[in-house]
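Bear in mind these aren't lab numbers, they're just calculated from the coordinates by the rules spelled out. Since this is a predicted model, take the numbers as computed values, not measurements. Every residue, glycine as well, gets a Cβ built from its backbone with ideal geometry; the counts of neighbours run over all protein chains shown.
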């Protein structure tokens, strides 16, 4: 990281970030909310980028699921949200849907940068369609993550290098076919239930994980089986495993 004691000797308006520094640059500041269901990962990100005097990044809130995320984001109105894709309560796409009015605010827009271990096509396309300004994987360095946050604050689109070409190809044509026609039939919540069923979770465990009732879980499972034309959870597990969704 750049030396926090270095300055350009100017005051007033903050200068543009120097890409060579890989930091926000002297005098720059951005308020960030971290959304990830793994507490240790949030702690690590906070320690890596949240040293405000050095990086210019101030972490003003954290959340571990969809409901917490919407509450914290609405209350703090950060400039940028670092958003995991897979979250209890409906996933990152559900957070984006419920925060759509904040993203479209002309005066104080809240911008989202997906930060995920996944580089699956369905995850990338889903959050970009939902309104996220970029998508980076968790292999990113702290320096590059700080740089990405400030770029998103400025309105840029940011992607991990390996994903950039894929995203351009995916959106090159408005009539591009779905990544997976079968999976495309499922709602975001049904996909969450599908993954948990395939991982061996019991209905009660899924209900607790997603903050819904057992009856609602049963309804989602029935809908998934019907849409995918499967007979039971064992067939569902094989189906999900074959598509590497587990």
(message) What distance in nm separates the two pseudo spin-label positions at residue 140 and residue 39, each 7 Å out from Cα along the beta-carbon direction?
(response) 2.5
(request) Assuming a ≥ b ≥ c are the square roots of the Cα gyration tensor eigenvalues, decide whether segment 30-170 counts as rounded (a/c under 1.5), prolate (otherwise, with a/b larger than b/c) or oblate. (result) rounded
(message) Starting from the 7 Å offset along Cα-to-Cβ, what nm value, one decimal, do you get for the label separation of residue 162 and residue 182?
(response) 2.6
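Ranked highest first by the average count of other Cβ atoms within 10 Å around their residues, in what order do 236-244, 72-80, 132-140, 89-97 fall?
The most tightly packed comes first, giving 89-97, 132-140, 72-80, 236-244.
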(message) Which of rounded, prolate or oblate describes segment 207-246 when judged by the alpha-carbon gyration tensor and an a/c cut-off of 1.5?
(response) oblate
(request) Name the shape class, rounded, prolate or oblate, that the alpha-carbon gyration tensor gives for segment 181-242, where a ≥ b ≥ c are the square roots of its eigenvalues, rounded holds for a/c under 1.5, and otherwise prolate holds if a/b is larger than b/c and oblate otherwise. (result) prolate
(message) Can you tell me the length gained on complete extension of the stretch residue 108 to residue 218, counting 0.36 nm per residue apart and subtracting the Cα distance?
(response) 35.5 nm
(request) Mind giving me the FRET efficiency for residue 211 and residue 77? R0 is 25 Å, r the Cβ-Cβ distance, nearest 0.05 is fine. (result) 0.55
(request) At q = 0.12, 0.18, 0.24, 0.26 Å⁻¹, what is the base-10 log of I(q)/I(0) for segment 60-141 according to the Debye formula with one equal point scatterer per Cα and no solvent? Please give it to two decimals. (result) -0.29, -0.67, -1.19, -1.37
